[in-house]
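Asks: Take a look at the following structure, please.
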C-alpha cells in the first residue's frame, strides 16, 4: 500500500441500517465495510416507550440512529480497511428519500426537544410513511385543475411520500409543532448538516421530492388554495441554499471528527439519494445509459442532454443525477417482492422439499425449472402490478393478474411468467422514454436481483438491449465514495471520478434474436392487458373498493 | 322385510368402474351396492398386449369389461342387499356418453372379432376420446355454412366427443373396418342389448349425441358434402328403433340371467346417461328444476315444457331427460378439477402442514379459512376457464385468470375466488336460460361437491336460488333403478316413480340477501372479464397458439 494513496468514505443510509465503505481514490477498490443496524428500526406501531398506537400507514424513524451509524460503522469500516484514518480525504452520504426531519433553526430534530418527544409528528417521516395520501390527492387535483406546469415534470403525479404532502400533513394535524419547526429537512441533507455544520439542500431531493423546478417551488397562490395558512411553507420551512451533487457542502466538524475518527476539516459532500448515487458507481452517467436498481422494487435512473416530458416518469430534474445534465427517474412498484410473495404463498411442499433436497433455495429451484422452458411454453402472461403501477400508469389501485392458467400449469410456469411480467413492465418504461425523445441504449443493472441469471437474460431478450451489471455489492456506498472524492478535489467532476472508481461488467447478457422475437408476441399480449386494465377497464379499481368495503364491514361487525 | 316387497337393480357404468345398487320399489331405499373396476380401465397409451402407441387424445375401452360388471357387481349388490333375487322385477342401466361401440349385426364388438383385435378403431371410443376434433371442426364449419337448423339445438357446436365426429374419424382412418361395421352403437344401448338381446337406441343419447331432432338425422346431402361416401352413414350404421326413457327395451335373456343371477324375463329398461338419469333420483323432473351434477366438471340438466334455443347449451332434446318434455343440457368444463389443481400446485407447506395438524384435508383447511371472510374481502375475481368454457361460450381455447392479486393475497383468498368463479359461471348459464325463455327456479345439486357447505352457500348466494341437495351417494344408479321400476310397470311413469323413490333435501342452502348483493358487485366484474376475454379479446386464444408453437419448437429441437 503506497503511502501516497488517498481514501474516501461513503455512507449509505438504508431503511433499516447504515453501511460505511472505505474506498481507494485512485481506482475505487473497496477496502473495508461495516454495517450498523438502526436500534429503533422503523416505528410503525407506536413511539418508543409509548402505549399510543400510531395510525395506519405511518412509518417513523429516530434521527439519533443515523448519528450512531457515523459513530459505529464509519470507524469500523476504516479499521476493517486497515488504512490510516489520516489518509481519508473526504466523506459523502446517500439516504433513502423522501425521508423528512422537522428541525429547529440549528438542525435539532423536534423529537429531541424533550417537550415534543411524545408527539409523532416530531419524528422523522420515513419514505414509506404513506399517511399523507389524502394530502397528496388534494395536491394532485388542485395542480391538475390549475394546470401547474411542474406537474408534468413528475409524470402527472406528486407522491404522498414527498416533501409537500408530508409537510401538509404536519401542518394540518399538528399545527403547533408545524409553527415551532424552523426547517423541513431531507434526511439526506440533515446527515450532511450533522457532519459539516452547514445546511445545504441537495439538487437531487430538492428536485425529485421537493418540486423544485427551474429555480422555483410551487407558488404561494397554489399553496394558499391548497390550505389557507400554508402559503408561506416554502420561504418559512423549505427554501434554502441548493448544492449540486459532488460539490462540497462543508468540512468535517470537530464533533463529527470525534464521532467518526476521521480528520477534522476533510471535505463533506452535498447529500444524495441511494438510487441516484448508484449511477456513477456503475459508470453509467452518460445519456442513454439507464440504471435499474432492482430489488424488492425497481428504480430506474438515467441522464440525458434533453428535457422531455415522459408520461408516467417519477421526475426529471436538472442535475438530479449528475450536475449539468437532466436526470430522469422512473420506477416499478413491485419486482423482487412479487417473486418473494409467490415463493412464500404459492409453492407446494413437493417443490420446497425438492429444493431442500437439491441444496437450492426455492427461488433457485424454480429458476432452474423455469430456465428449461422455451419462451411462451407456459402459455401465460402476468401483470406485475401486485403493488400497483408506478411508471408509466401511476396508479396504485391497480393489482396483479395472471392469465392463461390451465390444469397443466405448474409453479415454475407462473414463476417464470412473473419474472417476465416485470421485464415487460421495464420494456414499457424504456419504450415510453424512447417515444418521448429520450433514447435508452444500454441497460445497467444494480441491486440484488442482478444475481439471477435467468431474470437478467429475460430482461436482455425482452428489451433487446445489452445488459451490463454493476461490479460491486455496495453500489450506493461506492457511489457516495465517488462523490466524496470529487468533493475533496481528487477528480474534477463525477463522470471523471466514475470512470476511475466505478465498477461495471458490460454486456454480460446479450439479447438473443430468436427469443426476442418470441417475446415480442408475448409482449403484445402484455400490452393489450396493460392498456385494458390500466386504461380502459375499471375492474381493478372496483375490486379494491369492494375489498375496502368488505373489510370495513367486517370490522364494523367485530366492533 | 315384507314378502310382498319388490326390488329393482340400477347399474351405473362410469369411466373406470360399474356400480350396481339394489333398491326397494316402494320407497327407493337403497339396500345393497357393489362396485366392479374395469380390468382394462381406459386405454390411452396402447392396446392390451400391443407395443403400438396410440396417437394423442385417444381413449378406448374394452366392452368385455362392461359385461364383467354384470357378472360381478350385480350379484354382489343383491347379496349385500340380503333380498331374494326372485323379488327383483327389473333392471336398468346408465352409461357415460358419448361412448361408442362398433359392432357386427348381432352386436358383437369388432374388437372381439379376432382378426380385428389389433386395430384401434375396433375398440370402444370412450367419451373422452378427443382425437376426432378435426372431424368435429369440419362438421361445425359445414353446418354453419349450410345453415343447418339442427346446429342451434346444440348451442351452435357439435362436440368431437359425439357420434358423428367419432364415426367420421372411423370412416376416414380405417375404411375397411368402417365397411365391416354393421352398427355404430352407444355403449348405453349396447349394454341393454347384452341384457335383453334387442337393440334399441335411447332417446337421450340419440338426441344429445346423435343429432336426432324432430325424427331426423343430418341429411345425406350434408354428409356427402362432409365426406364423399359418408352420405349413407345414417341408414347403414346409425338409424334404428328409438326407445323413450323408462320404456321396456326387452326382457332379461337366459344368458344375462346367468351372468347376473336375476330372474330370466324381468324387464330391461331402455338405456340412459349418467347425468340425465340423476334428475329423477333427485326428484327434479319438473320444469324449472335445474340439476347440477357437480364433480370434476359440472353437467346441468333441466326439463321444460317449451322448446327454446339457448345460446351455448349442450343440447335440447325431446324426451332427453323425461319422456314428453324437452330436456336441456349445459355444462362447465372445469369445476372440482380446478380446486384440486389449486390445492395440488399452489398451496405452501405451511398450509398443508397446518391442515395435517388439524386433521383436515387441504380442501377442508382452505375452506375453513375462506369461510371466515366477508364477500369481496379478498379483492379477487377469477375466470373458471382452466379447461376452457363449455356453456355459454363454447370455446376450449379459453383459459383461467385471476385478477386483483396483491402482496397480501393468501392461498385461501385465491381458493375462495376459484370457488366463486364457478358459481359465477353457473349464474351465467342460469341467466342465459332465463333470458332465452327457459326459467330456472330451483337449483338441485348432485355429485361429490355437494359435500362442501361453503361452496353450496356461495352458489345459493350468487344465484339467489334455494339449493336442494340429492340425498343419495349413488344418484345415477338410483336413477337407473327408478327407470327399472317404471319399465317393470311398478309406476306409470318416471315422474311418479321419482316422487316415490327419489331422494332430495330441499332448500338446504338459502340465499342471504346481504351476501347476494355483495356478490352482485363481484359478478358484475366477472361478467366484464367474461365478455372481454370470452368475446372481445384474442389474448387467451393467442396464448394457446404461442404455447403450441413453443412446445412444437422444443420438440423440434429435441428430435
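The values are calculated or read from the model by the stated rules, or taken from the named source; none is laboratory data. Predicted model, so just to flag it, every value in this text is computed and none were measured. Methodologically, a virtual Cβ is constructed for each residue, glycine included, from the backbone with ideal geometry; neighbour enumeration extends over all protein chains shown.
Asks: Is the range B:269-281 home to any residue that is more than 14 Å from chain A (Cβ to nearest Cβ), in contact with a helix residue (DSSP H, G or I) (Cβ under 6 Å, 6 or more places away or on another chain), more than 23 Å from residue B:389 (Cα to Cα) and in a strand (DSSP E or B)?
Replies: Yes: one or more hits.
Asks: Take the residues in the range A:14-38 that are touching a helix residue (DSSP H, G or I) at 6+ places or on another chain (Cβ under 6 Å) and within 20 Å of residue A:129 (Cα to Cα), then tell me which one is surrounded by the fewest Cβ atoms within 10 Å (Cβ to Cβ).
Replies: Applying the filter and picking the extreme gives A:38.
Asks: Something else now. Do the conditions hold for residue A:41, that is, is it modelled with pLDDT of 95 or more, under 30 Å from residue A:136 (Cα atoms) and part of a loop (DSSP other than H, G, I, E, B)? Before you say what the answer is, go through the steps one by one.
Replies: On the way: modelled with pLDDT of 95 or more: yes; under 30 Å from residue A:136 (Cα atoms): yes; part of a loop (DSSP other than H, G, I, E, B): yes.
Taking the combined requirement at face value, the residue satisfies it.
Asks: Right, here's the next one. Going through the range B:122-137 one residue at a time, which ones are surrounded by fewer than 21 Cβ atoms within 10 Å (Cβ to Cβ) and in a helix (DSSP H, G or I)?
Replies: B:133, B:134, B:137
Asks: For the range B:536-559, which positions are more than 9 Å from chain A (Cβ to nearest Cβ), farther than 18 Å from residue B:393 by Cβ and either assigned to a helix (DSSP H, G or I) or in contact with a strand residue (DSSP E or B) (Cβ under 7 Å, 6 or more places away or on another chain) (or both)?
Replies: Selection gives B:552, B:555, B:556, B:558.
Asks: Going through B:501, B:465, B:540 one at a time, which residue ends up being surrounded by 18 or more Cβ atoms within 10 Å (Cβ to Cβ) and under 30 Å from residue A:373 (Cβ atoms)?
Replies: Working: B:501 fails: under 30 Å from residue A:373 (Cβ atoms); B:465 fails: under 30 Å from residue A:373 (Cβ atoms).
The match here is B:540.
Asks: Something else now. Being within 30 Å of residue B:70 (Cα to Cα), assigned to a helix (DSSP H, G or I) and either in contact (Cβ under 8 Å) with a residue 12 or more places away in the chain or within 14 Å of chain A (Cβ to nearest Cβ) (or both) is the requirement here; does residue B:479 meet it? Don't jump to the end; show me each part of the working.
Replies: Working: within 30 Å of residue B:70 (Cα to Cα): yes; assigned to a helix (DSSP H, G or I): yes; either in contact (Cβ under 8 Å) with a residue 12 or more places away in the chain or within 14 Å of chain A (Cβ to nearest Cβ) (or both): yes.
Considered against the rule, which asks whether it is within 30 Å of residue B:70 (Cα to Cα), assigned to a helix (DSSP H, G or I) and either in contact (Cβ under 8 Å) with a residue 12 or more places away in the chain or within 14 Å of chain A (Cβ to nearest Cβ) (or both), residue B:479 comes out as yes.
Asks: Among (1) surrounded by fewer than 18 Cβ atoms within 10 Å (Cβ to Cβ); (2) in contact with a helix residue (DSSP H, G or I) (Cβ under 7 Å, 6 or more places away or on another chain); (3) closer than 25 Å to residue A:383 by Cα; (4) facing chain A (nearest Cβ under 9 Å), there is one condition residue B:397 misses while meeting the rest; what is its number?
Replies: Here residue B:397 meets the rest and fails (4).
Asks: Another question about this same structure. Being over 26 Å from the mean Cα position of the chain (by Cα) and more than 14 Å from chain A (Cβ to nearest Cβ) is the filter here, so list the residues in the range B:489-514 that pass it. Please lay out each step first, then the result.
Replies: At the first step, the residues of the range B:489-514 found to be over 26 Å from the mean Cα position of the chain (by Cα) are B:489-492, B:510-514.
Once the filter is applied, which keeps residues that are over 26 Å from the mean Cα position of the chain (by Cα) and more than 14 Å from chain A (Cβ to nearest Cβ), the range B:489-514 yields B:489, B:490, B:491, B:492, B:510, B:511, B:513.
Asks: So, one more: Considering only the range B:179-226, how many residues are touching a residue at least 24 places away in the same chain (Cβ under 8 Å) and either under 18 Å from the mean Cα position of the chain (by Cα) or closer than 22 Å to residue B:104 by Cα (or both)?
Replies: Of the residues in the range B:179-226, 32 are touching a residue at least 24 places away in the same chain (Cβ under 8 Å) and either under 18 Å from the mean Cα position of the chain (by Cα) or closer than 22 Å to residue B:104 by Cα (or both).
Asks: Being away from chain B (no Cβ under 11 Å), in contact (Cβ under 8 Å) with a residue 60 or more places away in the chain, touching a strand residue (DSSP E or B) at 6+ places or on another chain (Cβ under 9 Å) and over 30 Å from residue B:395 (Cβ atoms) narrows it down to one residue among A:347, A:335; which is it? Break it down into steps so the answer makes sense when it comes.
Replies: Working: A:347 fails: away from chain B (no Cβ under 11 Å).
Of the residues listed, the single one that is away from chain B (no Cβ under 11 Å), in contact (Cβ under 8 Å) with a residue 60 or more places away in the chain, touching a strand residue (DSSP E or B) at 6+ places or on another chain (Cβ under 9 Å) and over 30 Å from residue B:395 (Cβ atoms) is A:335.
Asks: Same structure again: Restricting to the range B:361-388, and then to whatever is at the interface with chain A (Cβ under 7 Å from one of its Cβ atoms) and in a strand (DSSP E or B), can you tell me which residue is nearest to the chain's Cα centre (by Cα)?
Replies: B:386
Asks: Could you grab me the full set of residues in the range B:350-360 that are within 12 Å of another protein chain (Cβ to nearest Cβ) and free of Cβ contacts under 8 Å to residues at least 60 places away in the same chain?
Replies: Those that are within 12 Å of another protein chain (Cβ to nearest Cβ) and free of Cβ contacts under 8 Å to residues at least 60 places away in the same chain: B:350, B:352, B:353, B:354, B:355, B:356.
Asks: Shifting gears a bit: Inside the range A:482-502, can you point out the residues that are at positive phi and free of Cβ contacts under 8 Å to residues at least 60 places away in the same chain? Walk me through it before giving the result.
Replies: Looking only at the range A:482-502, we keep the residues that are at positive phi, and these are A:489.
Within the range A:482-502, no residue meets the criteria.
Asks: I want to confirm something. Restricting to the range B:515-535 and keeping residues that are free of Cβ contacts under 8 Å to residues at least 12 places away in the same chain and either touching a strand residue (DSSP E or B) at 6+ places or on another chain (Cβ under 7 Å) or facing chain A (nearest Cβ under 9 Å) (or both), which single residue is nearest to residue B:452 (Cα to Cα)? Give the steps one after another, and end with the answer.
Replies: So in the range B:515-535, the residues free of Cβ contacts under 8 Å to residues at least 12 places away in the same chain come out as B:517, B:520, B:524, B:528, B:531-532.
Still in the list and also either touching a strand residue (DSSP E or B) at 6+ places or on another chain (Cβ under 7 Å) or facing chain A (nearest Cβ under 9 Å) (or both): B:524, B:528, B:532.
Working: B:524: 25, B:528: 28, B:532: 31 Å.
Here the answer is B:524.
Asks: For residue B:474, are the conditions met, namely being out of contact with any helix residue (DSSP H, G or I) (no Cβ under 7 Å at 6 or more places or on another chain) and crowded, with 20+ Cβ neighbours inside 10 Å? Explain how you work it out, then say what you get.
Replies: On the way: out of contact with any helix residue (DSSP H, G or I) (no Cβ under 7 Å at 6 or more places or on another chain): yes; crowded, with 20+ Cβ neighbours inside 10 Å: yes.
Here the answer is yes, as residue B:474 does meet what is asked.
Asks: While we're here: For the range A:413-434, name all the residues that are more than 10 Å from chain B (Cβ to nearest Cβ), within 20 Å of residue B:409 (Cβ to Cβ) and either modelled with pLDDT under 95 or out of contact with any strand residue (DSSP E or B) (no Cβ under 6 Å at 6 or more places or on another chain) (or both).
Replies: Within the range A:413-434, A:415, A:416, A:419, A:420, A:422 meet the criteria.
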